[in-house]
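Okay, structure first, notes after.
Derivation of every value follows stated rules applied to the coordinates shown; laboratory data play no part. No experiment lies behind these values; they were computed from the predicted model shown. Note that each Cβ is placed from the backbone with ideal geometry, even for glycine, and that neighbours are counted across all protein chains shown.
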Amino acid sequence: MTSHTLHGVTIECVQGNITDQPDVEAIVKAANAQLGPGGGVAGAIHRAAGPGLEQESRPLAPIRPGQAVITGAHNLPNRHVIHCLGPVFGVDEPADALLASCYRNALQLVEQNGIRSIAFPALSTGAFGYPMEPAAKVAFTTVLDELPRLLSVKLIRFVLFRDADLRLHERVLEELMEANEA
């Protein structure tokens, strides 16, 4: 696990399952436009949350790439699920700006709801095809840019399923932290 604290906010990278983060108030779901179950991270979250998540989400759909909405977490060990629709790489453009909007909008929802901790997956990197390293750079750059404006949140966790993805995220975060200090 890698951890850095800046502006009173701890940023962590951990290997694990996004549905098993009981110590965070909100987890982020890599959503589809209809906010339905889908596959990958979205499907895992819906399975763990139970049918109430889909019922609560349905009236909030559709959303567009870059947007985020918040619901309760139902049977998950968290209070909230933030649903982010990331860009489909090579289709939704400008992909980097849309992906950055996902992270920015999720953090704004966290602030608006007084949430102190949030866990992100690697948005858009699964079925949506965004290459992992550029996606990590966009994610961490956006989070670091937002830190000075965050008053409620004290913990931002990136939960990576595979060890190789964790190591890549740790490296990218270290590089950006060093560049920030220079």
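With +1 on the Cβ of every Lys and Arg and -1 on the Cβ of every Asp and Glu, and nothing else charged, how large is the dipole of the chain about its Cα centre, in debye rounded to the nearest 20?
Result for the chain is approximately 540 debye, rounded to the nearest 20.
Would you mind checking which residues have amide H under 5 Å from Arg157's amide H? H placed 1.01 Å from N; only 5 or more apart, or other chain.
Excluding prolines and chain starts, which carry no amide H, the hits are Glu12, Ile118, Ala119, Phe120.
Within a 10 angstrom radius of the beta carbon, how do Lys137, Lys154 rank from fewest other beta carbons to most?
Final ranking by Cβ density, sparse to dense: Lys154, Lys137.
Does anyone have the angle between helix 132-146 and the longest principal axis of the chain? Alpha-carbon axes, 0 to 90°, nearest 10?
Tilt of helix 132-146: around 80 degrees.
Taking H as built 1.01 Å from N, whose amide H comes closer than 5 Å to the amide H of Gln15, not counting residues under 5 places away?
Those lying under 5 Å, H to H, from Gln15 are Leu160.
Local charge sum around Gly16 (other residues, Cβ-Cβ under 12 Å, Lys/Arg +1, Asp/Glu -1)?
Residues near Gly16 contribute -3 overall.
Quick one: what are the phi-derived ³J(HN,Hα) couplings along the stretch 37-51, Karplus 6.51/-1.76/1.60 with θ = phi - 60°, whole Hz, x for glycine and proline?
Those phi angles translate into x, x, x, x, 4, 4, x, 5, 5, 5, 4, 6, 7, x, x Hz.
Per the chain: cysteines with no other Cys C-beta under 4.7 angstrom?
Cys13
Under a Cβ-Cβ cut-off of 10 Å, what is the net charge of the residues other than Ala49 that fall near it, where Lys and Arg count +1 and Asp and Glu count -1?
Neighbourhood net charge equals 0.
Fewest to most neighbouring Cβ within 10 Å: what's the order for Asp163, Asp145?
Asp163, Asp145
Between the stretch 69-84 and the stretch 131-159, what is the C-alpha centre distance in whole Å?
19 Å
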